[in-house]
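These notes concern the structure reproduced below.
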Amino acid sequence: MAFQLDQVVPWGRSFDEYVAMFALQPDDLGKRILGCGDGPADFNAELTARGGAVVSVDPIYRFTDEQIWSRIDETYPIVLEQTRRNADQFVWSHIRSVEDLGEMRLAAMRAFLADYPAGKREGRYVDAELPCLPFADRSFDLALCSHFLFLYSAHFDQAFHLHALRELCRVAAEVRVFPLLELGGVKSRHLDGVMAQLTTEGYRAATVKVSYEFQRGGNEMLTVRLPHPETNSNYR
C-alpha cells in the first residue's frame, strides 16, 4: 500500500530536544549527520543555520509544505487532547504543561516548514524510509533515529528492527536511537533480542542514559557501532 499523508500524525521536536535526547556534544554537531524519520522536526533547519551538515529522511517529504501544514492543522488539536487525557504518562518538568508542549511543538514545526522548500532544493530533506536508504556506504558519521524504531514495536517486528539498524550502520559509523519504549510506555519487546543479535554479529550495541525524559521512563538511547574489523559477519 502506498504511503498516505492521511495516515501520518506530524509531530516535530525541537533542536534542543534532539541535543538532549541523543546526548549530542559540540563535536557531534560538527559531524555528517543523518536524521532518520525526522518528520517536521526543526533539527535540520537549526543545525544548518549553525553551519552543520545534516540530511533528514522521511516519507513525509514527498509532500509539499502546504500539504504537510494542512495535516498538522488537522491533527495538532487531537494529539494535544490525547496527551491531556494521558498526562500521567509524561514527566512535566522541563515541559510544564500540555499548553507548553503544544507551543513548543508548533514552534518547531513552523521552523521546519519555513526551511523545508529550500532544504528540499538543497537535498537536505529526502523522501526515503527504513529499512532501505538511498545513500552510499559510510556517507555519514552519525545517524539519529527519533521516535520510530522501538516506539512502534507493535507495528514492526524484530526482523524489521534488525534490518533497519544494519542499514543505518551501513551508511553511518555510529547510530543512536531514542526512545527505547514502545507505545504504552513499556520497554520495547524487541530491544533485548535486537541487542543480542547485533552483538552476536560483532556490532557494539549499548544502552545509554540521557538527560531527556518526557515519556515517563523514556530516558535511554541505544547506540550501535560497526562490527569489530576482526569479526566476520555473515548476516547478509
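Within the stretch 141-157, the only residue that satisfies the criterion of being small (Gly, Ala, Ser) and more than 15 Å from the chain's Cα centre (by Cα) is ALA154. In the stretch 16-31, is there at least one residue being loosely packed, with under 15 Cβ neighbours inside 10 Å and either in a helix (DSSP H, G or I) or of a type in the set (Val, Ile, Thr) (or both)? Within the stretch 16-31 (the criterion being loosely packed, with under 15 Cβ neighbours inside 10 Å and either in a helix (DSSP H, G or I) or of a type in the set (Val, Ile, Thr) (or both)), the answer is yes, since at least one residue qualifies. If you go through the stretch 120-130 and pick out every residue that is within 18 Å of the chain's Cα centre (by Cα) and either outside any loop (DSSP other than H, G, I, E, B) or under 15 Å from GLU17 (Cβ atoms) (or both), you end up with 3.
The sole residue among LEU168, LEU191, LEU144, LEU133 that is buried (at least 16 other Cβ atoms within 10 Å of the Cβ), of a type in the set (A, V, I, L, M) and without any contact (Cβ under 8 Å) to a residue 60 or more places away in the chain is LEU191. When we screen TYR116, TYR125, TYR152, TYR76 for residues that are of a type in the set (Phe, Trp, Tyr) and surrounded by fewer than 16 Cβ atoms within 10 Å (Cβ to Cβ), the only hit is TYR152. Assess whether SER146 counts as being polar (S, T, N, Q) and touching a Gly at 6+ places or on another chain (Cβ under 7 Å). Answer is yes for this residue. A single entry from PRO77, PRO117, PRO134 fulfils the requirement of being assigned to a helix (DSSP H, G or I) and either modelled with pLDDT under 95 or under 30 Å from LEU226 (Cα atoms) (or both): PRO77.
Comparison of GLY202, GLY184 shows that the only residue that is farther than 26 Å from ASN44 by Cα and exposed (fewer than 14 other Cβ atoms within 10 Å of the Cβ) is GLY184. Take the conditions closer than 25 Å to GLU103 by Cα and under 16 Å from the mean Cα position of the chain (by Cα) and apply them to ALA49. Does it pass? Considered against the rule, which asks whether it is closer than 25 Å to GLU103 by Cα and under 16 Å from the mean Cα position of the chain (by Cα), ALA49 comes out as no.
Scan the stretch 52-92 for residues that are within 19 Å of VAL19 (Cα to Cα) and free of Cβ contacts under 8 Å to residues at least 24 places away in the same chain and the total you get is 3.
In the stretch 102-109, the count of residues that are touching a strand residue (DSSP E or B) at 6+ places or on another chain (Cβ under 7 Å), within 18 Å of CYS36 (Cα to Cα) and outside any strand (DSSP E or B) is zero. Taking residues in the stretch 172-187 that are over 17 Å from MET21 (Cα atoms), and partners anywhere that are among the charged types (D, E, K, R), the pairs with Cβ atoms closer than 9 Å and at least 6 places apart or on different chains are ALA172/ARG32; ALA172/ARG138; ALA172/ASP141; ALA173/LYS31; ALA173/ARG138; ALA173/ASP141; ALA173/ARG225. Residues of the stretch 147-165 that are in contact (Cβ under 8 Å) with a residue 12 or more places away in the chain and assigned to a helix (DSSP H, G or I): GLN158, PHE160, HIS161, LEU162, HIS163, ALA164, LEU165. Once the stretch 186-206 is narrowed to residues that are in a strand (DSSP E or B) and farther than 19 Å from GLU167 by Cα, the residue that is modelled with the lowest pLDDT is VAL186.
The values are calculated or read from the model by the stated rules, or taken from the named source; none is laboratory data. Given the structure is predicted, the values throughout are model-derived calculations rather than measurements. Cβ atoms come from the backbone with ideal geometry, glycine included; neighbour counts cover every protein chain shown.
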